[in-house]
Structure formats: C-alpha cells, structure tokens
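The values are calculated or read from the model by the stated rules, or taken from the named source; none is laboratory data. All of these numbers come straight from a predicted model, not from anything done at the bench. Every residue, glycine as well, gets a Cβ built from its backbone with ideal geometry; the counts of neighbours run over all protein chains shown.
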Amino acid sequence: MTTSAGMTSIRTSEGRIEIINQLLLPHTTEWVAVDTIEEAFDAIKSMKIRGAPAIASLAALTVSSHLSKALKDDPAPQFVLSPEALKSYIEPILNYLPTARPTAVNLGAAIRRLTKTLNNSISEKKDARTITQDLIAEGVAIDGEDVARNKQMSKWGGEWLVEEVKKRGGEGDRLNVMTVCNTGSLATSGYGTALGLITYLHETGRLETAFFTQSTPYHQGSRLTALELLTLKIPSVMLCDSMVGSLFQHKGISGIAVGADRIARNGDTANKVGTYNAAVLAARHNIPFIVVAPISTVDLDIEDGSQIPIEHRPPLEARLVRGALYPFKVDAQGVKEQATVMVTPEDLEGVYNPSFDVTPADLITAIVTEKGVAVKTEGSKVFDLSNIV
C-alpha cells in the first residue's frame, strides 16, 4: 500500500504552535501563530481551524504550551508555586475553551482528560511543578494519538465497506464513495476520519471516484475537501448539496462515509448540516451509510440525539461567500486577491443557520471507531457501541 502525502492543520516547532487559516483556503495558504489561550479560543470559534479532532488537538496543545512557558519564567508565576494555586488558575481555562464550539464533544473530551490528569496528580500529592509537567505531557499526548487512530479506523471502515459491497453482489473494487463536509487532515491531526476511509480505499487500489458535497453554507467541501483530494491526487467529483438525490439516481454509489461531532449512546449522530438529508436519501436508495469517528466523539452520557446541543452560527455567515476574485488578480507576491460578497438582499433578517443536524441511528448502517465497526442487530433501530468504545 502506498501512503499518500496529505495536508496538515497544525504544526509545532520548539514550543511554537501554528495553524493553517482555513478561512482563506483553498486560494491562500496562511499559517497563523497561536500564542495564547485567547488566540486558541478565537481560532476555534471563528473557524480558522475546524473539525472536531483538530480543535481538540489545538486546545490541548495550547494548554501545554501555555504551561511550558510558565515553567520557564523567572520569577515563576504564582500559580506554579502550589497545587492549590495551580488548580485555581487552570480550571477556569479548562472550562472556558469548550465554550468555543459546544457541539464538538472531542473538545470537551480533551479538556476532561486534562482535568482528570490535574485531579489525579493533586490526589497523589505531587508538587505544583510536577503536576504542571503532567498536564503538559497529557496535552501533547492528546494531539499525538490522533493520526494513528485515524489510520486504524479508516482501515476498519474501508475493509468493512468492501465486504458489505461484496455481500450485496458487487466485486468490492472500483468503489464510488460520497462524503459530506471535510474530515481529512485539515479536520484532524492527520489522515482523517471519513476522508481517511476514502484515502485508504484509494491507497489500496479499490476506489474509483470520491464524490463530495459543497457543504453549504460554509463550503468546507468545495474549499477544503476539494483541496485535500487534489493534493492526494484522488479522482473526485464535487456536487451541490441539493444534487445528492440526483447523484444516487444516476451514479452507482457504493457507500457514504461521514464524520461526526458527537455520537449519542444509541448511535444518533450530529454532523455538518446536510448529513441528515444525505442519510435519508441513502436509505431510500439502499446505500450503506457509515459514520467514522474516534472514540472521543462518542458521548455515552447522553441517551439519544435529542440531547445533543446544536450550535447555531451567526446568520451573517450564511449570507456571505468568500473566495478569490475571478478572473484571478494577483499581487506582487503572486497571491490571489480575495473578497467577501453578500449573496442575499441587504435587509434580509430571517436566516436559519445551524452548524449541525442529527442523523437518527436507524438511518446509519455502521459506526466505525479505532476499535472496530459496530452494526445494529437484526430488527434493532439503535446501536450497541460497547464493543467499539
């Protein structure tokens, strides 16, 4: 198997954190330094960085970087002088970061891991500097684990889909797979989840074409997934969100692979708005619908999708489109000039703009994590996720 060289959303060097500004992609590649907790919060909330695993990584790395700098200060800040002072200082930061994007459970999961590390180290009577070092190590570990698990779940999901196609009378090769939104390296620390499954099928010679929706109103598909697939040299075709039904009628689609921002205990899944539409149409056309996400996306504390908080973005975001001026204009450095334009009447007030919708478990064929593939038992409308969490 030949491994494709993908993109990256975060890079670190000697304690410095930089993210690729996804608001400017695909026409401009700009790396933005994230030096403070406030800058990480703003990057996550403004969607300079997005994708549930990626924002969890950024939050964890920023906490680690913040504490690493504190240990090097002379004199040392007050909060590293005692466990009690450290706890009083760091807990508000850990409570603050998840409010940037409340639907993405990975962010909360990363913060809970850091909180658990803090509390365990305090209970073990460690001194403040040692506790700080434990937190730094845990933050780095949260980021480092992502790529390996993405590759594992992509393999699980890819192989499952091949076998599922064979069960349905197909050959298991030349597969056409559709995805929604962006779930590749830009949404994770590398390789990707649902886009990772597509990448795995391409690397193993069993993918014909990747189809992807524009994923309006924020266009993560046409801006980001398109760029990643071109970078990976994966044959691909873009479609508008409203064309999914037509695609299923006229093309032989082998499966749909999507990511997730939160999965309830019964398998109900919150993902980029438009996922539910695709799932309904997939059920109508008897196409396997696969959710690919890390264990940290599964929220066992909520029974079903009705308990998932749905983030609503500012209405203005749905009224604006940003991109390169066409015909292209470039500056002296060869950078394409970009602009933001309004596509609605100026005085439009009514805008419905949720970031996510919830796909009920009965419309999902399989849920894949790094521990394996879960399917529903015959006659059941919900999942038992105990074997993959």
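A few comments on the model shown:
Results for (1) touching a residue at least 24 places away in the same chain (Cβ under 8 Å); (2) under 22 Å from residue 24 (Cβ atoms); (3) aliphatic (A, V, I, L, M); (4) outside any helix (DSSP H, G or I), shown as yes or no for each residue.
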| site | (1), (2), (3), (4) |
| --- | --- |
| 197 | yes, no, yes, no |
| 217 | yes, yes, no, yes |
| 222 | no, yes, no, no |
| 226 | yes, yes, yes, no |
| 231 | yes, yes, no, no |
| 234 | yes, no, yes, yes |
| 242 | no, no, no, no |
| 245 | yes, no, no, no |
| 256 | yes, no, yes, yes |
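- Of all the criteria given as (1) outside any strand (DSSP E or B); (2) surrounded by 20 or more Cβ atoms within 10 Å (Cβ to Cβ), the one not satisfied by residue 309 is (2).
- Filter result for residue 315 (at pLDDT 95 or above and in contact with a Leu (Cβ under 9 Å, 6 or more places away or on another chain)): yes
- Cross-chain or 6+ apart pairs with Cβ under 8 Å, the range 19-47 first and surrounded by 13 or more Cβ atoms within 10 Å (Cβ to Cβ) and basic (Lys, Arg), then at pLDDT 95 or above and part of a strand (DSSP E or B): none
- Qualifying residue in the range 206-226 (condition: at pLDDT 95 or above, of a type in the set (Gly, Ala, Ser) and within 13 Å of the chain's Cα centre (by Cα)): yes
- All strands (runs of 3 or more DSSP E) inside the range 1-85 with 3 or more residues being closer than 30 Å to residue 204 by Cβ and of a type in the set (Lys, Arg): none
- Matching residues in the range 164-184 - criterion: being under 26 Å from the mean Cα position of the chain (by Cα) and either farther than 26 Å from residue 239 by Cα or assigned to a loop (DSSP other than H, G, I, E, B) (or both): 180, 181, 182, 183, 184
- Residue within the range 266-276 that is at positive phi, in contact with an Asp or Glu (Cβ under 6 Å, 6 or more places away or on another chain) and touching a residue at least 40 places away in the same chain (Cβ under 8 Å) present: yes
- Evaluating residue 51 against the criteria (1) at pLDDT below 90; (2) of a type outside the set (A, V, I, L, M, F, W, C); (3) crowded, with 24+ Cβ neighbours inside 10 Å leaves one unmet condition, (1).
- Any hit, the range 144-162, residues being of a type in the set (Phe, Trp, Tyr), in a helix (DSSP H, G or I) and not assigned by TED's automatic domain parsing to the domain that holds residue 262: no
- Scanning the range 345-364 for residues that are touching a Gly at 6+ places or on another chain (Cβ under 8 Å) and in a helix (DSSP H, G or I) gives a single hit, 361.
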